[in-house]
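> Below you'll find the structure I mean.
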Amino acid sequence: AKGSLSEDICFYEKTMDEAVRQRRRVTQGLRDALENEEFELYYQPQVSVGNNEITGYEALLRWRQKDGSFISPAEFIPVAEDTGLILPIGEWVLRRACEEAKHWDKPLRLAVNLSPVQLGHTDLPRLVHQILIDTGFAPARLELEITETAMITDMARSTFILRQLKALGVSIAMDDFGTGYSSLSTLRAFPFDKIKLDRAFMGELADNTQSRAIIRAVLSLGESLSIPVLAEGVETVDQLNFLREQGCDEVQGYLLGRPNRRALPLSQESVEIAK
Ligand code: C2E
Ligand code: CA
Ligand code: CA
Ligand code: CA
């Protein structure tokens, strides 16, 4: 019988033999997915708090199953990273995102996630350069999102690669800020163009003094370092109002727009909400 991917990757509870077989199956599934065009990109708007306008979109990878359902990247990306398949998949993402974003109505910023495994690859700057040339996409429109976990294994090497990427004219955002152990030292190691505050802090914002204090602290840190801060996972008007009061630069979340197959403008509802 064919198990779902989530069953497949819950192999820890099973025997080693079975684990190995299932892992092979997921790996083969990902390989086929790449060949058979089972991947799609969805785009979620990022919105300026100052003027309520969309500044860009983040590309989010989707793996479409035969029955039309999707497997979450949170489930399959770790497998792709372990097997090295994230390299061809990541290359596909970057290329496809640049191709699609070229046809947007407005030349807005395109944010693309990079895996730590991709960053660990010395060839990354050359690859990004080649994709920019092949697609004719303006480097200034491209923002690469990197988590601090991507940097901690070898900070010197990572910053070297990030510098080469920046030299191409693309910008670099620090993703999931505040969730790791070394957010601050990572910030010191490299001049990021943006801080993306993890949505973990948005959750209990309303009744959690700690979360509010941390958000304020990160916003003031961004201000001191002259790095704009984008808050992720904004779902409620209360959260948006708090962020606006505290001087947050940009927001992203279901309140403003869900990831969509096309880079949609803000809905009338979201426009009203953002006012
Ligand atoms: P991420 O980079 O932190 O992306 C944001 C995630 O939060 C996305 O989940 C997005 O759909 C979700 N999200 C956005 N707004 C809200 C909100 O208001 N509330 C809640 N609860 N969630 C919200 P998604 O698309 O499932 O992606 C999960 C993770 O998978 C991403 O987290 C990223 O780490 C990874 N990922 C996605 N696409 C790619 C890719 O192309 N390459 C790589 N390397 N990783 C990717
Ligand atoms: Ca991201
Ligand atoms: Ca994030
Ligand atoms: Ca995240």
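The values are calculated or read from the model by the stated rules, or taken from the named source; none is laboratory data. All values reported here derive from a predicted model rather than from experimental measurement. Note that each Cβ is placed from the backbone with ideal geometry, even for glycine, and that neighbours are counted across all protein chains shown. Accessible surface areas use protein heavy atoms only, side chains included; no ligands, DNA or RNA. Shrake-Rupley method; radii C 1.70, N 1.55, O 1.52, S 1.80 Å.
> With every protein chain kept in place and ligands, DNA and RNA left out, what is the accessible area per residue of the chain? Probe 1.4 Å, answer in Å².
That works out to 51 Å² per residue.
> May I pose another question? Restricting attention to segment 112-189, which chymotrypsin sites (Phe, Trp or Tyr not before Pro) occupy a DSSP loop and are surrounded by at most 13 other Cβ atoms within 10 Å?
Taking segment 112-189 and a limit of 13 other Cβ atoms within 10 Å, the loop chymotrypsin sites (Phe, Trp or Tyr not before Pro) found are TYR181.
> Let me ask something else about it. Once whole DSSP H runs in the chain are found, which of them have Cα atoms spread over 27 Å or more along the helix axis and a mean Kyte-Doolittle score of at least 0.0?
Once both thresholds are applied, nothing remains.
> Which one, ALA231, ALA111, ALA189, has the greatest fluctuation when you compute a Gaussian network model over the chain with C-alpha springs under 10 angstrom?
With Cα springs under 10 Å in the chain, the top fluctuation among ALA231, ALA111, ALA189 is at ALA189.
> Over the alpha-carbon set of segment 43-102, work out the extent along each principal axis and list the three values in angstrom, largest first.
Cα spread of segment 43-102 along its principal axes, largest to smallest: 43, 24, 20 Å.
> Okay, moving on. For the chain, what % of the accessible area comes from carbon and sulfur atoms, probe 1.4 Å?
51
> Just the Kirkwood number for the chain, please: inverse of mean 1/r across all distinct Cα pairs, in Å, one decimal.
About 19.7 Å for the chain.
> Using a Gaussian network model on the chain with a 10 Å cutoff between Cα atoms, which of LEU34, LEU142, LEU132 fluctuates the most?
In this elastic network of the chain, the residue with the biggest mean-square fluctuation among LEU34, LEU142, LEU132 is LEU34.
> Oh, and also: Quick check for me: using +1 on Lys/Arg Cβ and -1 on Asp/Glu Cβ, what's the dipole size of the chain about its Cα centre, in debye to the nearest 20?
540
> Hey, another quick one. Need one value: the accessible area of LYS275 in square angstrom, 1.4 angstrom probe, rounded to the nearest 10.
The value for LYS275 is about 150 Å².
> What are the semi-axes of the equivalent ellipsoid of segment 61-207, taken as the square roots of 5 times the eigenvalues of the Cα gyration tensor, listed largest first and rounded to whole Å?
23, 21, 17
> Estimate the FRET efficiency between ALA217 and TYR254 by the formula 1/(1 + (r/R0)^6), using the beta-carbon distance for r and 22 Å for R0, to the nearest 0.05. Could the numbers behind the result be given before it?
Details: r = 25 Å, r/R0 = 1.13.
Given R0 = 22 Å and the Cβ-Cβ separation, E is 0.35.
> Would you work out which of ALA150, PRO107, ALA274 lies farthest towards the positive end of the dipole of the chain, given +1 charges on the beta-carbon of Lys and Arg and -1 on that of Asp and Glu, about the Cα centre?
Looking along the dipole axis, the top candidate is PRO107.
> Of all beta bridges DSSP finds with both residues in the chain, what is the antiparallel percent, to the nearest 5?
Working: 14 of 35 bridges.
Once the DSSP bridges in the chain are tallied, antiparallel ones form about 40 percent.
> A further question on this structure: Working out 0.36 nm times the residue gap between ASP82 and VAL271, then minus their Cα-Cα distance, what length gain in nm do you get to one decimal?
On the way: separation 189, 0.36 × 189 = 68.04 nm, distance 4.13 nm.
Stretched out fully, the ASP82 to VAL271 stretch lengthens by 63.9 nm.
> Using alpha-carbon pairs under 8 Å, 6+ residues apart, how would you state the relative contact order of the chain in percent?
So the answer I get is 19 percent.
> In a solvent-free Debye calculation with one equal scatterer on each Cα, what is log10 I(q)/I(0) for segment 133-219 at q = 0.11 Å⁻¹, listed in the order of the q values?
-0.37
> Moving to a separate point now. Could you work out the equivalent-ellipsoid semi-axes for segment 138-275, taking the square root of 5 times each eigenvalue of the Cα gyration tensor, largest first, in whole Å?
27, 20, 12
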